[in-house]
Amino acid sequence: MIGSFISTRSMLLAIFVLMAGNGVMSTLISFRLESAGTRAGIIGLVATSYFVGLTIGALRASPIIRRVGHIRTFAAAVSLLSATTLAYTLFQNTAFWGLLRFIDGLCVAAVFVCLESWLNERAEPRTRGSVLAAYMISLYAGQALGQFLLNLDASAAAPFVASSLLVSLSVLPIALTRLKEPAVTQQSPLSIGGLYAASPLGVVGCAAIGLMLGAFYGLGAVYARRIGLEMSQIAVFMSVVIAGGVALQWPVGWLSDRFDRRAVIVAALAGATAVCGGLAWIAGPGPLFLILAAIFGGLSFALYPLCVAHTNDHLSAEQRVSASGGLVLTYSMGAAAGPTAGAAVMMAAGVGGLFLFIGTCALLTLIFALWRQLRREPVPSELQQPYQILPRTTPAAAELDALPRSD
């Protein structure tokens, strides 16, 4: 792990600083719109704009990188992202902010593709797991710590300025690196139909997780504010969810490598359904609230790599990178729909509607997973592919999961 960190430290530092600056934006924008009295449905549409941009950017970034290179693409994306971050302070208009969020998504996707393809080139077969783990820690640690920018008075321009500063600084490790830029390859993802034929649960699970986490990232701050949390408490709430998401992935992965992976997916979905029920009806902040938030993050974050690993159990080695890329896009499409759908339930059912929606998604996926257990024999544990912690970013990250495996 230490050797992997040293050889890729410029990229890991860049993603940590960038996420420390940009990771708070979903929370901050939702809070500002909610404070201005904007309806949940409109806030959901603004959040959806980001995920639409993220999906399109993940598909279109590679040609740009091939044309001008990793460093120039990264610098351009970061510069534009820093500019849009400051542009939010010019005036508050939902259509304008929705456009800015779409551009944010394009920029963040370009950054992810740059760094993930570069990390893939730097990683040797024996160090891929360590590189991916270091990347995940850097990404989510930055995102969790960045939530505390909310304490800079979220009603003023200070959080946007601080976010822009950090985003701008993230270009320095890449601009000054001595690492050689890699050649860019284009990996075509498997079609969703082909993925579904190989693993129906993997595809449905990734789409459902996209719905769940897209809704949470887009509307979590709205939910937290409406149950009475102060800004400092909202920052803690969002950070606890992210930290829980990282902490539980290792034990969940350990279990999934030793038992029928579908049973672990079922257990995680059942736990997520129960936790969402508690968060939907909880009256206000307290120790139980934070415990439930951490468990929700742990279970929901672990579900995506579980579904990817389950899909890999039914694919040949040469198909897995393409399949993982297709599953990222499936997740992204779900994430784009999640904020709008979650907002509709919130408007109909009240503040608890966010976790009522997320819990319903988990419950329906749970029912589907139980049905799939009846339709297909399990893969013997000794033939299952190793669980790998994965970010839900772009198809480029899938190549980091291309570990040597036996079929």
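The values are calculated or read from the model by the stated rules, or taken from the named source; none is laboratory data. Here the structure is a predicted model, which means the values were calculated and not measured. Neighbour counts are summed over all protein chains in view; Cβ atoms, including those assigned to glycine, are modelled from backbone coordinates with ideal geometry. For the accessible areas, the whole protein counts, side chains as well, though only heavy atoms, and no ligand, DNA or RNA atoms are used. Shrake-Rupley method; radii C 1.70, N 1.55, O 1.52, S 1.80 Å.
From the Cα gyration tensor of region 145-280, with a ≥ b ≥ c the square roots of its eigenvalues, which class applies: rounded if a/c is under 1.5, or else prolate if a/b is larger than b/c, or else oblate? Don't jump to the answer; show the numbers that get you there.
Working: a/c = 2.15, a/b = 1.18, b/c = 1.83.
Because a/c hits 1.5 or more and a/b fails to exceed b/c, region 145-280 counts as oblate.
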Extension length gain for Ser79 and Trp281 (0.36 nm per residue less Cα distance), in nm, is 68.5 nm
Could you state how much accessible area Met333 has, in square angstrom rounded to the nearest 10, with a 1.4 Å probe and all protein chains kept in place? 100
Per residue of region 168-175, what does 6.51 cos²θ - 1.76 cosθ + 1.60 with θ = phi - 60° give for ³J(HN,Hα)? Whole Hz please, x for Gly and Pro, Karplus curve as stated. 4, 5, 5, 6, 4, x, 7, 5
With the crude spin-label approximation of a point 7 Å out along Cα→Cβ, what separation in nm comes out for Thr94 versus Ala157? 2.5
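For Arg39, Arg178, Arg376, Arg66, write out the residues from largest to smallest accessible area, computed with a 1.4 angstrom probe and no ligands counted.
Details: Arg39 160, Arg178 225, Arg376 80, Arg66 120 Å².
Correct descending sequence by accessible area is Arg178, Arg39, Arg66, Arg376.
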Just check region 234-298 against the gyration tensor rule for me: Cα atoms, a ≥ b ≥ c as the square roots of the eigenvalues, rounded for a/c under 1.5, and otherwise prolate or oblate depending on whether a/b exceeds b/c. oblate
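How much accessible area per residue does region 9-109 have, counting only protein heavy atoms and a probe of 1.4 Å, in square angstrom? Display every interim value, and only then the final one.
On the way: 3690 Å² over 101 residues.
Spelled out: the 1.4 Å probe surface of region 9-109, per residue, equals 37 Å².
Compare Val351, Val78 by solvent-accessible area with a 1.4 Å probe and give them largest first, with all protein chains kept in place.
On the way: Val351 45, Val78 5 Å².
Sorted by accessible area, descending: Val351, Val78.
What does the extension gain come out to for Leu364 and Ile192, with contour length at 0.36 nm per residue minus their alpha carbon separation?
Numbers: separation 172, 0.36 × 172 = 61.92 nm, distance 1.97 nm.
Taking Leu364 through Ile192 to full extension adds about 59.9 nm, to one decimal.
Considering only protein heavy atoms and a probe of 1.4 Å, how much of the accessible area of region 199-274 is carbon and sulfur, as a whole percent? Working shown, then result.
Values: 1530 of 2170 Å².
The nonpolar share, carbon plus sulfur, comes to 71 percent.
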Within a Cβ distance under 13 Å of Ile56, other residues only, what is the Lys/Arg minus Asp/Glu net charge? +1
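What full-extension length gain, to one decimal in nm, is calculated for Leu165 and Arg226 as 0.36 nm per residue of separation minus the Cα-Cα distance? Numbers along the way, then the final one.
Details: separation 61, 0.36 × 61 = 21.96 nm, distance 2.99 nm.
Roughly 19.0 nm would be gained on extension.
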Efficiency by 1/(1 + (r/R0)^6): what FRET value for Leu172 and Ala270, r their Cβ-Cβ distance, R0 = 56 Å, to the nearest 0.05? 0.75
If I model a spin label at Ala344 and Phe259 as a point 7 Å from the Cα along the Cα→Cβ vector, what separation in nanometres do I get? 3.6
